[in-house]
Each structure stands twice: as structure tokens, then as C-alpha cells.
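The values are calculated or read from the model by the stated rules, or taken from the named source; none is laboratory data. Just so we're clear, the structure is a prediction, and the values are computed from it rather than from any experiment. In this analysis, Cβ positions are derived from the backbone assuming ideal geometry, glycine residues included, and neighbour counts consider all displayed protein chains. Surface accessibility is based on the protein's heavy atoms, side chains included, excluding ligands, DNA and RNA. Shrake-Rupley method; radii C 1.70, N 1.55, O 1.52, S 1.80 Å.
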Amino acid sequence: MELKIVAGEKEEVTEELKKVGLEEGIAEHIKEDFLPAELTVTFEDLLEIPLEEAYAEDIILMLGREEKGEVKLGDIELKVNKSELSDKIKDELKKKLKVVRRKLTREKLDDIVRKVVDKYEKAKVEPREAVGIVAAQSIGEPGTQMTMRTFHYAGVGALYITLGLPRIIEIVDARKKLSTPTMKIKLLEEYAVERNKAEELAMEIEETRIRAIGKIEVSAADMSVWLSLNEKRLEERYIKREEVEEKIRGIGMDVLVEVMEDRELRIQRKKQSYHELLRLEEKVSNTLVKGIEGIRRVLVRREPSEGYVLYTEGSELKKVLRIEGVDSTRTTTNNIAEIAEILGIEAARNAIIEEMMSTLEEQGLDVDARHITLIADAMTMDGEVKQIGRHGIAGEKASVLSRAAFEVTVDNLLEAAIYGEKDELRGVTENVIVGQPIKLGTGAVELVMGSKYENQTTKRQGAKIGGTGDGKGKKRVN
Amino acid sequence: MKKGKFSILEHELVPKHEILEEREAAALLDKYKLQKEQLPKIKKSDPVIKEIKAEVGDVVRITRRSRTAGKSLSYRLVIE
């Protein structure tokens, strides 16, 4: 199918196309010799550009300038996209406008968009508003409801994860060592569908030490360690006997490994002493035969929308992401420090938001995401995850009084005295301390009377005001 | 069972990072009346920065997915 568009001058057409983000692709079809008579675009060409069919037709009609005054889908798209709204509102507005398109005129459309932009601007936070304090209160108040349930754990099967207030504190303190590190490992296609594949993968990840797969005995009589491997356990964990033997040979300490007739393993050291023998036993029983060190347990769970998902006790993001079958784009950990190290500061910011929101939601608390976002922004501002506290954000405040008012008052004042620090009294706390109005909201602006206005008032009131003697024709009003 | 490489840039937690051209960076600073140093920072050692090969002093544009706005732009200055 080939559509012909009656077009104007080349510049005019390309300009129109540019407005709707279409110049690429179509512009090639505009050839000098074609114009100004007509422009031919195949319908396939239009479809290649990601647009709905109807919309594409509308654009063509719009370019053709037929039926002036009627609102086309293209008009809506164009008007809304050009406005200063956020993407989400744009999408919603477009959807709603498209429904009532037939009843609109271009003037009405302009009017609606203008009014929405107006409302949007009014809904924005005013400059100089104390957003930090609002955020603190908005998390602090629901936080009081959480304290009652301190150390509440929710089980994922038999797995325990710190939740509630202790977890919020953990996040905000940017702790490196978590009380319950855990990972949610999402799997790729077949692993997510087949239970035995998922289980095999789980065994690949869970750390398995020799003590878990066999019985170890120390025999003082022949100065050796005897290991009898449990067939069933080996099978469960997909481990071959040879692998175990290999691992034992690899522990160093000059070991001699012999396989006896009853399949028991006899392990000896060249250097023979009772003390060395006990050390050998310890070493053998602790040897890792399979899995990732630090992942103490892996649970396989089936989730309705995801298929099989693995939950772990312990977290090793970097190693787990490299394993085949693991979805390296959607696997996460609750350890934010680890995310910052492996996926970067922006991922850590996202993780802080996700973790805090889900912790609050899990407790049935509804906190606006923007408060949490502000916290995450403040914590990741300098390119590393910093805690909110005296070793992090609060400790880096410029004001001495503010720091002293927060924690460890004497230390802060003493240090400030030693270094001869000055306080500019710009923040909230320090101005409250000295009893001045705080520089926030309306307190943040000063009024300067314009000279034009002043001239008028001085004329009317004679020399009464004008004679204060600042001589610059301006008067400051607080 | 080991697979070789995976790209952190494809992880769902990692938003899109792009290095701004000199001209774009200047326009940004002009628009918000900022000095470069007033922007939030990102370290040169950040895994994403290593991946996109940004240098100290570059400004990086980050296209975040926002819960409230749908999409939001943010900028960071690359530091040592």
C-alpha cells in the first residue's frame, strides 16, 4: 500500500515531521525532485517507525492539512509531548484525551493541556521547603508503630530475614555486615520451569563441606583420618567420589589419600603426630567440595509469576551472577554495600529505595516513595553509600552547632574550638539555638524594594522614608 | 556450570548512564546555574563508570525509572 501526501515546501514538511519525531526514516523519502508537488511514503515505512497504524494515518492527514480544526491523534500526541509534564502524566493525559478526541477542538485541547500543566506546577514542592524534615517525619511516625514488633522475622519457608525497624536501621546505617544477608536468585527459562534443574542449580550454589556428606573418624592406631562418604548425600548434591578425593588432595599439608576396598577413604600425612592428625581432621571436615563459600543454605521456591526462584542464606552476588542458569539481570541481594561494589552507586540507590519501601509495605505502612527517594539520594550523593548519622551525612554538616546538637556534643565543640571553626548560621538547628528565624520557606527570602516603587512612595509620602540615608535608592525590608 | 561474562549494564537495578558532551554539560550547568562541583558525584572506580569508560571531570546523565514521574533525569560528576 502506498500513500501519497500532498505536501508543501520541503522545509515545511520536514519541520512538521520533526515536531512529531518522525524526520528520521521519512526524511529520506523526500527527494528534491519530488517537491513541492507531492511526497510518497509507503505504509510499510510508517509502520517501521514504532507507531500505531491509526496514529500514522493521522499524521499523514495532519500533514495533508485536510479538515482543519478537527483534533487528530497526532495533534494530541504533539501537544502533550511538547508540554512540560512528567512522562507518567503525559501518558495518562494522552490516553484520556484520545477517548474524548471527537468532542475536542484545537482550542479546547490547548486549554486542557495548559490547565494540566498549571496544576502540575502547583503540585510541585516550593523552593526552600524543608523536604528533609518532612521526609524524616514521614518515616519517623510510621516507625513508631514498627518498634512494637522489633525483631520480627518473616519466614520464606524456613529462612529468616530481618524485617521491620531493625532492618530500616540497618539500611539507614549503611552497615556492611548484615544480620541476615540473603539473595533472591531468579533463574533463566528451563531452570525456572523444571524443578530438578532448579534443584541442581541450588546445589551448585549452596556450600557443601565434607562433614556434610560423610562420616569422619580419627584413628590413633594407624595415625590416619577415615572418611566414609554417604552415597545418598552425594547423589542428592550431585557430587562424584572422584571430586571429593581431588579436593582432599588439594588441601596441601602433604596428604596421602588411599581408597580402601570398602570404598572408605584413608587419609594420612607424611608428618605424623597426634596433634597434626587432629589438625588434619579439622581441615578435611571443613573442606569445601561444592558451592559458593558464604552461601550457607539455598531454598527452592515456586512463585506463581516467576516459576522457580532460589532464596539463600548468605550473599555472594558477584559469584552467583556468573553461574549459568542464573538470570544475571534480575538477581539481587539485600546487601546494599555489595550492590554498590558490583553494580555501582546508582544501583545501590535503587536498592535502598526498593528495600526500604518493601520493608515498610510488608509492615502495612504506606510511606510516599519520594521521602525514601530523598534519603537514598542523600546517602549516595558523594558516589559512595554513606550512613545517615554522625559518621555520615550528619557528621559532614558544615555547622558546628548543628553537629553538636546531634550527637557527642562535647567532642564536637572541643574540636571546633581547637581548629577555630566558624558557624555561618545558615541551617535550621543553629538558628533555633541562637533564637533567630530559620532560613527556610518564607524565612529564606528577603524583600528588596525596587527603585521604581520606592520613588512612587517617596513622592507620595514626602521625605519621611526617603531620608534614611542609604543613598542607593533601595531599601531593605525584612 | 560457569558462564563467562555478564554485563552489569543489563541488570535491572542499573539505570542508563551516558557521558555528556562538553557542550551538553555546559548547557546543563548554565540551565541550573551550577558549578560542576555542585553536582552529585560518582567515583571513577564505580563499576558502571569503568564499563562506559568515563573520565574524571566528565558529567554523566542518568536516566532513572521513577515511581512517581515514570522517567527522570539525573546527573553526576565523575571524581577520583
Does region A:397-443 come out rounded, prolate or oblate, given a ≥ b ≥ c as the square roots of the eigenvalues of its C-alpha gyration tensor, rounded meaning a/c under 1.5 and, failing that, prolate meaning a/b above b/c?
prolate
As a test of reading the structure, rank A:THR208, B:THR63 by solvent-accessible area (1.4 Å probe, protein chains only), most first.
B:THR63, A:THR208
Computed for region B:8-79: size of charge dipole around the Cα centre, +1 on C-beta of each Lys and Arg, -1 on C-beta of each Asp and Glu, debye to nearest 20, value 320
Assuming a strict under-25 Å limit between Cα atoms, what lysine pair count do you get for region A:208-290 once near-sequence pairs (fewer than 8 apart, same chain) are dropped?
19
Restricting to Cα pairs below 8 Å that are 6+ residues apart, what does the relative contact order work out to for region A:397-443? Please round to a whole percent.
35
Counting only residues 5 or more apart in sequence or on a different chain, those whose built amide H sits under 5 Å from that of A:LEU163 are A:HIS152, A:ALA154
Taking a ≥ b ≥ c as the square roots of the Cα gyration tensor eigenvalues, with a/c under 1.5 meaning rounded and otherwise prolate when a/b beats b/c, else oblate, which class fits region A:318-380?
oblate
Can you tell me the relative contact order of region A:217-376? Whole percent, Cα pairs under 8 Å, sequence separation 6 or more.
13
For region A:292-431, averaging the sequence separation of alpha carbon pairs under 8 Å that lie six or more residues apart and dividing by its residue count, the contact order in percent is 12
Can you tell me what percent of all Cα-Cα pairs in region A:156-258 are more than 18 Å apart?
67
Restraint check, A:LYS96/B:LYS43; A:LYS386/B:LYS36; A:LYS422/B:LYS53, Cα-Cα greater than 32 Å:
A:LYS96/B:LYS43; A:LYS422/B:LYS53
Region A:183-217 residues near the modelled A:TYR274 label - backbone nitrogen below 20 Å, point 7 Å along Cα→Cβ:
A:217
Are there GluC sites (Glu not before Pro) in region A:293-328 that DSSP puts in a loop and that have at most 12 other Cβ atoms within 10 Å, and which ones?
A:GLU293
7 Å from Cα along Cα→Cβ at both A:ALA417 and A:LEU256: what's the point-to-point distance in nm?
7.4
Which length gain, in nm to one decimal place, applies between A:MET449 and A:LEU288 when the Cα-Cα distance is subtracted from 0.36 nm times their residue separation?
50.2 nm
Using only protein heavy atoms and a 1.4 Å probe, report how much of A:MET357 is accessible, in Å² to the nearest 10.
10
Between A:LYS96 and A:SER358, what length in nm is gained on full extension when 0.36 nm per residue of separation is reduced by their alpha carbon distance?
91.2 nm
So, counting K/R as plus one and D/E as minus one, what does the shell of residues with Cβ under 10 Å around A:ARG241 add up to?
-3
Charge sum, other residues only, whose C-beta stays under 15 Å from A:GLN436's C-beta, Lys/Arg counted +1 and Asp/Glu -1
-2
Please list, ordered by chain and number, the residues whose modelled amide H lies under 5 Å from the amide H of A:ILE292; skip anything fewer than 5 residues away on the same chain.
A:GLU206, A:GLU207
Heavy-atom accessible area order for B:GLU22, A:GLU231, largest first, 1.4 Å probe:
B:GLU22, A:GLU231
Chain B: C-alpha gyration tensor shape, a/c 1.5 cut-off, then a/b vs b/c
oblate
Long-range amide H partners of A:ASP327 with built H, under 5 Å
A:LYS186, A:LEU187, A:LEU188
Find the Rg to Rh ratio for region A:208-290, where Rh is the Kirkwood radius over alpha-carbon pairs and Rg uses the same atoms.
0.94
Around A:VAL408, with a cut-off of 11 angstrom between Cβ atoms, what is the net charge of the other residues, counting Lys and Arg +1 and Asp and Glu -1?
-1
